[in-house]
Amino acid sequence: KKRNHGQTEFIQAVQEVAQDIFEFIEDKEQYHTAQILRRIAEPDRIVSFRVCWEDDEHNIRVQRGWRVQNNNAIGPYKGGIRFHSSVNESVLKFLAFEQTFKNSLTGLPMGGGKGGSNFNPKGKSDSEVMRFCQSFMSELYRHIGPNTDVPAGDIGVGGREIGYMFGQYKRLTGRWEGVLTGKATEYGGSQMRPEATGYGAVYFLQNMLKHAGHDVEGKTAVISGSGNVATHAAEKIVQLGGKVLTLSDSGGFIHDPDGIDQEKIDWVKRLKNERRGRISEYADHFTGATYHDGKRPWDVTCDVALPCATQNELNEGEAKELVENGVIAVSEGANMPTTLDGVKVFHDAKIMYGPGKAANAGGVAVSGLEMSQNSERISWNQERLGDMLTELMADIHEKCVEYGDQGEGHVDYVKGANIAGFKKVADAMLAFGVV
Ligand code: NDP
């Protein structure tokens with residue numbers, strides 16, 4: 001805590017992992033002596049830089065940008081870029097730390113990193129976003145590369161932003177190479193990448209339910225967020241015969257007791273991606289739906305919950321409410337959406353709880369496959385990638401069960417994910433000696 005003074009999110013993420021790892025390495029001297037966990041919890045490097053850009057009124061604006069390269073023991077650094085006013089070094093360090101375990105869990109050769117800026121894209125024109133992205137990449141380009149660090153999208157960074165940044169990288173270096181993932185399919189993007197995180201979180205849920213003798217069909221789902229992850233999670237729930245009751249954004253949530261079907265999901269995608277509007281408009285458009293200003297959706301009774309917005313969006317009280325209302329499973333599309341106290345509530349209630357580092361790994365897994373396709377200069381079709389994603393999520397679930405099985409049918413998925421993710425990275429680091 002002293003070393004990372006004031007970095008609450010980062011300390012929270014390390015604490016959550018440390019408990020399980022200490023238990024696992026208790027009788028494994030090699031990991032102690034080599035101080036492996038301490039080494040993983042100290043980023044390889046953090047680059048912090050000024051991002052200067054001009055708005056439409058010709059004002060010069062100054063933002064801060066970062067890239068946290070946490071660990072590259074098992075492959076090039078890999079992890080998204082986030083543009084949001086809440087971005088700071090602590091948030092990016094927590095995300096890069098989590099990413100290291102997540103990427104290891106996918107079984108693909110990717111290390112962990114994360115980057116971003118406190119730039120707020122809301123209300124900015126296309127040209128402003130373009131100028132900002134170009135300025136951001138004007139510094140970032142010297143720290144990344146297809147074999148060193150391959151960023152992707154995250155909150156506030158979707159296809160449009162990746163396009164502007166990729167264009168700038170290409171202009172500065174004169175090279176077309178697979179330096180970013182989440183690209184459009186016209187210029188090297190992978191099929192299934194936009195869907196992968198949300199679909200993957202539902203596949204993980206499906207695997208947890210199956211393991212306990214349940215199914216997604218007929219289940220009611222409460223989902224937070226209305227961005228990339230949330231809308232695709234909703235889509236997959238609907239495809240598997242479940243009923244989605246809520247979506248949200250930072251303003252509040254909408255509750256639609258009739259269920260948010262595919263047509264309504266498509267409407268939300270257009271609202272968010274084309275009009276860049278607010279979720280409150282949903283309740284004006286669809287009869288029967290209600291909007292709850294300034295609230296989160298966790299008091300709506302449901303069978304399964306998928307937090308898909310942001311970190312610490314589900315606290316202890318809300319976790320208790322979900323459990324009291326009969327939730328049987330929680331699968332996290334977002335990164336660390338549940339607070340440590342909230343996780344304890346799920347743990348004590350012995351409900352199925354899939355932490356983000358396992359449940360949302362489908363996105364980075366397909367990013368890994370995008371890297372492979374770029375290296376080979378080929379592209380696989382939707383069906384093949386869909387099958388690969390399904391298989392990858394089943395494998396991740398299996399690894400969690402292997403290390404997290406508590407007997408009597410209960411699996412501690414947090415412990416399983418932490419240990420399985422740690423072991424591969426730790427063994428690679430041991431092989432390198434002290435570096
Ligand atoms: P988007 O920017 O597409 O959507 C984010 C959604 O979350 C929006 O609805 C946004 O509302 C809401 N949100 C953001 N910040 C807050 C906040 N402070 N309080 C309440 N709501 C908030 O991002 P993604 O869907 O890509 O990412 C969502 C989560 O999933 C993040 O935790 C991300 O790290 C994680 N993730 C994403 C992956 C991906 O492939 N995209 C991969 C793995 C994890 P508003 O529009 O009002 O800001």
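Looking only at 233, 309, 18, which one moves most when the chain is put into a Gaussian network model with springs between Cα atoms under 10 Å? Evaluated over the chain, the most mobile residue of the options is 18.
Our summary of shape: the Cα atoms of segment 194-354 have principal axis extents of 42, 30, 27 Å, ordered from largest down, in whole angstrom.
Each of residue 18 and residue 86 was given a label point 7 Å from its Cα along the Cα-to-Cβ line. The distance between the two points is 2.3 nm.
Span-like helix check, the chain: qualifying full DSSP H segments, with Cα axial length of 20 Å or more and mean Kyte-Doolittle of -1.0 or more, are 8-25, 89-105, 126-140, 159-173, 193-211, 362-376, 382-404, 413-432.
If both residues of a DSSP beta bridge must be in segment 194-354, then about 40% of such bridges are antiparallel.
Distance between the modelled labels on residue 64 and residue 284, one decimal in nanometres: 3.7 nm (7 Å Cα→Cβ projection). Since only 144, 8, 233 are under comparison, the one whose Cα sits farthest along the positive direction of the charge dipole of the chain, derived from C-beta charges on Lys, Arg, Asp and Glu, is 144. Cβ-Cβ distance of residue 1 and residue 295, R₀ of 30 Å, FRET efficiency by 1/(1 + (r/R0)^6): the value works out to about 0.40.
Tell me what the chain gives for mean residue ellipticity at 222 nm when only DSSP H runs of n ≥ 4 count, each as -39,500 (n - 2.57), the sum divided by the residue total, rounded to 500 deg cm²/dmol. Before the final figure, lay out the partial values.
On the way: 16 runs with 204 residues, N = 435.
Calculated at 222 nm, the ellipticity per residue is -15000 deg cm²/dmol.
Between amide H atoms placed 1.01 Å from N, distances below 5 Å from residue 75 occur with 111, all of them 5 or more places distant or on a separate chain.
Once the Cβ-Cβ distance of residue 147 and residue 28 is raised to the sixth power relative to R0 = 25 Å, the FRET efficiency obtained is 0.20.
Note down the magnitude of the dipole of segment 47-153 about its Cα centre, charges +1 on Lys and Arg C-beta and -1 on Asp and Glu C-beta and zero elsewhere, to the nearest 20 debye. Each step should come with its number before you reach the end.
Details: 13 positive and 10 negative charges, 75 e Å.
Result for segment 47-153 is approximately 360 debye, rounded to the nearest 20.
For segment 271-350, the spread of Cα coordinates along the three principal axes comes to 42, 26, 19 Å, biggest extent given first.
Pairs of Lys residues in segment 43-180 are counted when their Cα atoms are under 27 angstrom apart and they lie 8 or more places apart or on different chains; the count is 15. Positive contributions from Lys and Arg (+1) and negative ones from Asp and Glu (-1), summed over other residues with Cβ under 11 Å from the Cβ of residue 192, come out at -2. Spacing of the modelled spin labels on residue 262 and residue 171, each 7 Å from Cα toward Cβ, amounts to 4.0 nm.
By DSSP, what percent of the beta bridges with both residues in the chain are antiparallel, rounded to the nearest 5? Write out the running numbers ahead of the final one.
On the way: 27 of 48 bridges.
Looking only at bridges with both residues in the chain, the antiparallel portion is about 55 percent.
The magnitude of the dipole of the chain, with charges of +1 and -1 set on the Cβ of Lys/Arg and Asp/Glu and taken from the Cα centre, is near 1640 debye. Shown here are the Rg and Dmax of the Cα trace of the chain, at 20.6, 65 Å. The calculated FRET efficiency for the pair residue 55 and residue 435, based on their C-beta separation and a Förster distance of 41 Å, comes to about 0.40. Note on the chain: with a GNM built from Cα contacts shorter than 10 Å, the maximum mean-square fluctuation among 118, 72, 147 falls on 147. Computed over the chain with a Gaussian network model linking Cα atoms closer than 10 Å, the most mobile of 237, 378, 46 is 378.
Here, each number is a calculation from the coordinates, and none is a lab measurement. Computed from a predicted model, the values in this text were never measured in an experiment. Neighbour counts are summed over all protein chains in view; Cβ atoms, including those assigned to glycine, are modelled from backbone coordinates with ideal geometry.
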